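Report on the following structure.
The values are calculated or read from the model by the stated rules, or taken from the named source; none is laboratory data. The shown structure was predicted, so the numbers you read here are calculated from the model rather than taken from an experiment. Cβ coordinates were reconstructed from backbone atoms using ideal geometry, including for glycine residues, and neighbour counts include every protein chain displayed. These accessible areas exclude ligands, DNA and RNA; they are computed on the full protein's heavy atoms, side chains included. Shrake-Rupley method; radii C 1.70, N 1.55, O 1.52, S 1.80 Å.
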4 protein chains.
Amino acid sequence: MEEQRLSRKEQEKLWRRKHVLSAALELFSKKGYHNISMRQIAKKAEFAIGTLYKFFRNKEDLYKEIVREMAEEYHRRLMEPLERENDAIAAIEGYINAKLDLFSDHKSSLLLYLSETQSPSFNISAGLDKEMQKLYNELMDRLAKIFESAIKRKKIRKRDPRALAISLEGLTNSFLFYWLEKPEEHPFEKDASTIAEIFLKGVSYE
Amino acid sequence: MEEQRLSRKEQEKLWRRKHVLSAALELFSKKGYHNISMRQIAKKAEFAIGTLYKFFRNKEDLYKEIVREMAEEYHRRLMEPLERENDAIAAIEGYINAKLDLFSDHKSSLLLYLSETQSPSFNISAGLDKEMQKLYNELMDRLAKIFESAIKRKKIRKRDPRALAISLEGLTNSFLFYWLEKPEEHPFEKDASTIAEIFLKGVSYE
Amino acid sequence: MEEQRLSRKEQEKLWRRKHVLSAALELFSKKGYHNISMRQIAKKAEFAIGTLYKFFRNKEDLYKEIVREMAEEYHRRLMEPLERENDAIAAIEGYINAKLDLFSDHKSSLLLYLSETQSPSFNISAGLDKEMQKLYNELMDRLAKIFESAIKRKKIRKRDPRALAISLEGLTNSFLFYWLEKPEEHPFEKDASTIAEIFLKGVSYE
Amino acid sequence: MEEQRLSRKEQEKLWRRKHVLSAALELFSKKGYHNISMRQIAKKAEFAIGTLYKFFRNKEDLYKEIVREMAEEYHRRLMEPLERENDAIAAIEGYINAKLDLFSDHKSSLLLYLSETQSPSFNISAGLDKEMQKLYNELMDRLAKIFESAIKRKKIRKRDPRALAISLEGLTNSFLFYWLEKPEEHPFEKDASTIAEIFLKGVSYE
DNA sequence: CATGAATGAGGTTTCATTCAT
DNA sequence: TATGAATGAAACCTCATTCAT
């Protein structure tokens with residue numbers, strides 16, 4: 001609807017911008033920010049270097065945009081089950097599933113994402129920290145709220161809801177990392193239910 | 001004792017080398033490998049650039065050495081409680097405590113360590129991967145073995161020991177990261193016992 | 001004609017490349033490869049350093065290209081009279097003349113050329129040796145063949161044709177070097193005929 | 001006799017100096033001035049770097065000393081037959097023989113020598129030129145004088161004696177270079193007599 | 001006196017960014 | 001508007017030379 005307002009030219013520009021972002025993401029996530037040059041991005045995106053600078057003020061901006069978009073997509077996909085499901089257990093299972101899907105879809109770009117969300121200290125995105133933190137906090141708050149209500153309804157044992165949220169994050173991350181790094185090993189079922197079971201058994205009332 | 005064998009000169013050289021490593025660590029962990037120049041390291045270490053190259057073949061070598069030393073210290077400190085304690089529960093509590101101490105002592109350098117152990121794909125330490133993986137696997141194996149025996153002795157519920165090891169890793173990491181990033185917030189007791197309780201309650205019989 | 005195919009841009013690029021080569025040649029032949037920096041070449045060619053690297057992968061490549069072009073020109077100019085003239089004597093006289101012209105035109109660059117053809121052991125152009133040797137051998141073979149046929153036709157005394165070729169090389173080089181180093185001295189006529197006479201009287205029948 | 005005046009210490013110093021020169025010569029003649037570092041020379045000579053600087057003011061000085069000594073030895077050895085022999089023909093044959101011996105003895109270091117004598121323009125030995133030129137001119141003068149007297153005695157045809165000297169230089173150099181670069185090929189007898197015959201037949205009466 | 005650790009100027013090379021076309 | 005050649009700052013690294021021991 002509202003995008004109708006954009007002229008064809010603006011539409012095209014937007015589309016080209018996306019194209020550049022996607023090319024850059026692929027390269028960055030394979031080799032890292034510092035090992036990819038603007039020339040390489042330009043080549044992959046099939047634009048001239050100068051054109052990239054029409055879309056982004058500089059390399060850092062281009063990078064920030066990638067991280068921002070990634071963060072937003074991830075946030076959207078992880079929030080969705082948490083907001084859709086009424087039942088706490090279902091919400092958590094949905095969340096774990098969404099995270100697993102995310103990891104499967106974006107294996108390599110994930111490292112980029114995590115290096116940004118988990119170690120804001122020495123990354124490129126100065127100034128992005130706050131935005132990212134905001135999204136992350138939203139997610140954690142939402143998780144905490146779900147735990148809080150589940151505790152009230154005696155679905156899970158009484159514990160600090162924030163601590164539970166952190167726990168869930170930790171569990172999912174560690175399993176997903178493990179699977180990411182060792183795609184071949186199968187000591188146990190490699191799907192969301194493994195994590196869900198461990199977490200839920202751990203926190204549930206008998 | 002055995003270090004008596006080193007001449008004063010050798011001792012001094014070793015000390016100077018350590019001095020450079022420590023200066024570099026501080027810089028790298030604050031800004032990352034690519035954002036720190038040899039000139040900056042030289043300045044911080046109060047040596048001439050050329051001197052750094054007496055100690056390390058090149059920048060990459062210097063970096064690898066840092067990561068290697070860090071990894072070895074961390075491994076040592078985390079393994080220690082696991083090998084000292086006979087009781088599974090005590091071992092795990094000891095492990096969590098050791099990890100907390102580690103995080104407190106080496107806040108910033110830790111990010112360097114984790115960026116190496118957790119995302120070997122686009123880091124600098126080509127060839128260091130295997131060493132690091134070996135240490136990490138040793139740790140995980142040791143944890144798994146402890147869980148295995150605890151399960152046999154019915155101390156904790158039957159689950160895949162490897163999965164338990166991964167879980168513990170995830171839980172500790174997420175809490176410690178959380179505390180690292182938000183040193184001011186105290187939604188719950190910020191010590192090892194919080195994690196230990198969550199983990200152990202989750203996995204224990206009744 | 002065929003160069004019409006090159007676009008104006010390509011033409012200009014080629015021209016600029018030549019310009020760099022010529023600036024570098026002048027510097028190298030005055031001070032030698034190791035005593036000339038890329039910065040100096042850039043300055044002389046009135047380009048930024050970075051621009052040099054658009055034309056040549058690195059300093060060595062730039063140097064090799066100079067030597068290669070020089071060798072090819074020299075080869076062309078020296079071969080020409082040998083292939084044009086049917087008469088052995090005329091061919092030799094033509095060759096000596098061509099060499100004299102060459103020396104006059106390219107005084108300084110010649111030392112570069114000779115330091116490459118005559119002492120392939122410790123020069124920069126590893127890998128260029130073979131090419132240069134090939135050209136040089138072609139020339140010597142051609143000279144030898146001319147002598148062979150002249151001997152058959154009893155134009156010159158019977159001797160090993162290869163030895164005669166080497167002799168001619170030696171004579172011409174020594175005179176030309178002599179003239180190059182002492183442009184002012186005139187103990188005898190300073191032109192091709194001096195060498196030709198010495199050589200031909202030496203080898204001819206009566 | 002006169003060296004008795006030198007104390008043992010001075011003798012030793014002199015001896016050590018020679019040792020350094022010889023080590024450096026070996027290295028320089030294999031790889032060239034710019035590809036050999038003071039460290040390498042120190043190592044080969046089994047001295048500390050600092051010690052080299054007791055003997056020579058700097059790298060260039062060390063190099064000049066090598067070239068100077070080399071030039072003096074060569075000069076001595078080439079002059080000797082020219083001054084010993086009374087007969088022009090014998091003197092020339094002796095000279096060619098001496099040159100051949102020289103080339104055989106000092107194959108590699110010769111390139112160093114020739115790069116200095118033949119292309120004084122871009123070498124390291126700034127200021128050495130004059131000395132070298134003096135020695136070289138002495139040699140050429142002596143050769144010229146011999147030719148002059150031989151012409152007077154009708155041993156060889158009338159020609160400019162200087163030109164004959166240059167010719168002899170050229171012939172010997174070209175053959176010796178040829179043999180140096182292609183030690184395996186034998187198109188003709190590879191000894192002094194080949195050159196002597198060519199030269200003498202070329203210039204002689206009859 | 002001999003040593004070699006330390007120095008730092010200066011070399012080569014890369015690459016984000018600009019701007020004339 | 002899109003281009004990519006040109007730019008030059010700044011990176012890594014070497015090595016002749018010095019000087020405290």
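At a threshold of 8 angstrom on Cα-Cα distance, excluding pairs fewer than six apart, so keeping six or more, what relative contact order does chain A reach in percent?
Details: 155 pairs, mean separation 40.1, N = 206.
Contact order relative to length: 19 percent.
Rounded if a/c is under 1.5, else prolate if a/b beats b/c, else oblate: with a ≥ b ≥ c from the C-alpha gyration tensor eigenvalues square-rooted, which is segment C:58-203?
Working: a/c = 2.17, a/b = 1.41, b/c = 1.54.
Taking the square roots of the gyration eigenvalues as a ≥ b ≥ c, segment C:58-203 is oblate.
Put the label 7 Å from Cα along Cα→Cβ for D:Arg153; what are its distances to the other copies, in nanometres, shortest first?
Ordered by increasing distance: 4.0, 11.3, 12.7 nm.
Towards the positive end of the charge dipole of the protein assembly as shown, with charges on Cβ (+1 Lys, Arg; -1 Asp, Glu), say which of C:Phe177, A:Ser174, C:Leu82 has the farthest Cα.
C:Phe177
For segment C:58-203, give the magnitude of the charge dipole about the Cα centre (Cβ charges: +1 Lys/Arg, -1 Asp/Glu; no others), in debye to the nearest 20. Before the final figure, lay out the partial values.
Working: 23 positive and 27 negative charges, 175 e Å.
Result for segment C:58-203 is approximately 840 debye, rounded to the nearest 20.
With the other protein chains left in place, how much accessible area per residue, in square angstrom, belongs to the protein assembly as shown at a 1.4 angstrom probe?
Working: 42870 Å² over 824 residues.
With the other protein chains kept in place, the protein assembly as shown gives 52 Å² per residue.
Which three lengths, in whole Å and largest first, does segment A:3-119 cover when its Cα atoms are put on their principal axes?
52, 39, 20
Report the net charge of residues surrounding B:Ala98, where surrounding means a beta-carbon distance below 14 angstrom and charges are Lys +1, Arg +1, Asp -1, Glu -1. Walk me through the numbers on the way to the answer.
Numbers: positive: B:Arg76, B:Arg77, B:Arg84, B:Lys99, B:Arg142; negative: B:Glu73, B:Glu80, B:Glu83, B:Glu85, B:Glu93, B:Asp101, B:Asp105, B:Glu169, B:Asp191.
The answer is -4.
Defining the label point at 7 Å along Cα→Cβ, can you sort the distances from A:Tyr53 to the same site in each other copy, shortest first, in nm?
Distances between equivalent label points, in nm: 1.7, 3.3, 4.6.
First select every other residue whose beta carbon is under 15 angstrom from the beta carbon of B:Phe55; then total the charges, Lys and Arg +1, Asp and Glu -1.
Working: positive: B:Lys9, B:Lys13, B:Arg16, B:Arg17, B:Lys18, B:Lys44, B:Lys54, B:Arg57, B:Lys59, B:Lys64, B:Arg68; negative: B:Glu10, B:Glu12, B:Glu46, B:Glu60, B:Asp61, B:Glu65, B:Glu69.
In short, +4.
Set the bar at 21 Å for Cα to Cα. Now go through B:Lys43/B:Lys107; B:Lys18/B:Lys43; A:Lys31/A:Lys182; B:Lys31/B:Lys107 and name every pair that lies beyond it.
Numbers: B:Lys43/B:Lys107 23 Å; B:Lys18/B:Lys43 15 Å; A:Lys31/A:Lys182 19 Å; B:Lys31/B:Lys107 14 Å.
Correct reply: B:Lys43/B:Lys107.
Under a plain spin-label model, where a point goes 7 Å from the Cα along Cα-to-Cβ, how far apart in nm are C:Glu181 and C:Glu60?
Reported label-point gap for C:Glu181 and C:Glu60 is 3.2 nm.
Can you figure out the FRET efficiency of A:Lys145 with B:Glu131, using R₀ = 45 Å and their beta-carbon distance, to the nearest 0.05?
On the way: r = 43 Å, r/R0 = 0.96.
For A:Lys145 and B:Glu131, the calculated efficiency is 0.55.
Put +1 on the Cβ of every Lys and Arg and -1 on every Asp and Glu Cβ in chain B; which of B:Tyr53, B:Leu102, B:Gly32 then has its Cα farthest towards the positive end of the dipole?
So the residue we want is B:Tyr53.
By how many degrees, between 0 and 90 and to the nearest 10, does the Cα long axis of helix C:59-84 differ from the longest principal axis of chain C?
Approximately 30 degrees, to the nearest ten.
Working from the pairwise distances between different alpha carbons, so that the mean of 1/r is found and then inverted, what is segment A:138-197's Kirkwood radius in Å? Could you put the intermediate results ahead of the total?
Working: mean 1/r = 0.0784 Å⁻¹.
Roughly 12.8 Å, rounded to one decimal.
Please work out which residue of chain D brings its Cβ closest to the axis of the rotation superposing D onto A, and round that distance to whole Å.
D:Asn35, 16
Under 25 °C and 0.890 mPa s, how fast does the protein assembly as shown diffuse according to Stokes-Einstein, given a Kirkwood radius computed over C-alpha pairs? Answer in µm²/s, whole number. Intermediate results must be reported in sequence, preceding the final value.
Values: Rh = 34.4 Å.
D, rounded to a whole number, is 71 µm²/s.
Please get the size of the charge dipole for the protein assembly as shown, origin at its Cα centre, with Cβ charges of +1 on Lys and Arg and -1 on Asp and Glu, quoted in debye to the nearest 20. All intermediate terms of the calculation are to be shown ahead of the outcome.
Numbers: 148 positive and 136 negative charges, 161 e Å.
I would put it at about 780 debye.
Explain nothing, just compute: Karplus ³J(HN,Hα) = 6.51 cos²θ - 1.76 cosθ + 1.60, θ = phi - 60°, for every residue of segment C:98-109 in order, whole Hz, x for Gly and Pro.
Those phi angles translate into 4, 5, 5, 4, 4, 5, 5, 5, 10, 2, 6, 5 Hz.
Here is the link list: C:Lys130/D:Lys190; C:Lys9/C:Lys30; A:Lys99/B:Lys59; B:Lys130/B:Lys201. Which ones come out longer than 28 Å on Cα distance? It would help to have the intermediate numbers written out before the result.
Details: C:Lys130/D:Lys190 24 Å; C:Lys9/C:Lys30 32 Å; A:Lys99/B:Lys59 37 Å; B:Lys130/B:Lys201 35 Å.
Going by Cα-Cα distance, C:Lys9/C:Lys30; A:Lys99/B:Lys59; B:Lys130/B:Lys201 fall outside the 28 Å limit.
Based on DSSP H runs of at least 4 residues, each adding -39500 (n - 2.57), what is the mean residue ellipticity at 222 nm of chain B after dividing by all its residues, to the nearest 500 deg cm²/dmol?
Details: 9 runs with 153 residues, N = 206.
Computed mean residue ellipticity for chain B: -25000 deg cm²/dmol.
Treating the point 7 Å from Cα along Cα-beta-carbon as the label, what are the nm separations from D:Lys190 to the other copies, to one decimal?
3.8, 6.6, 8.3
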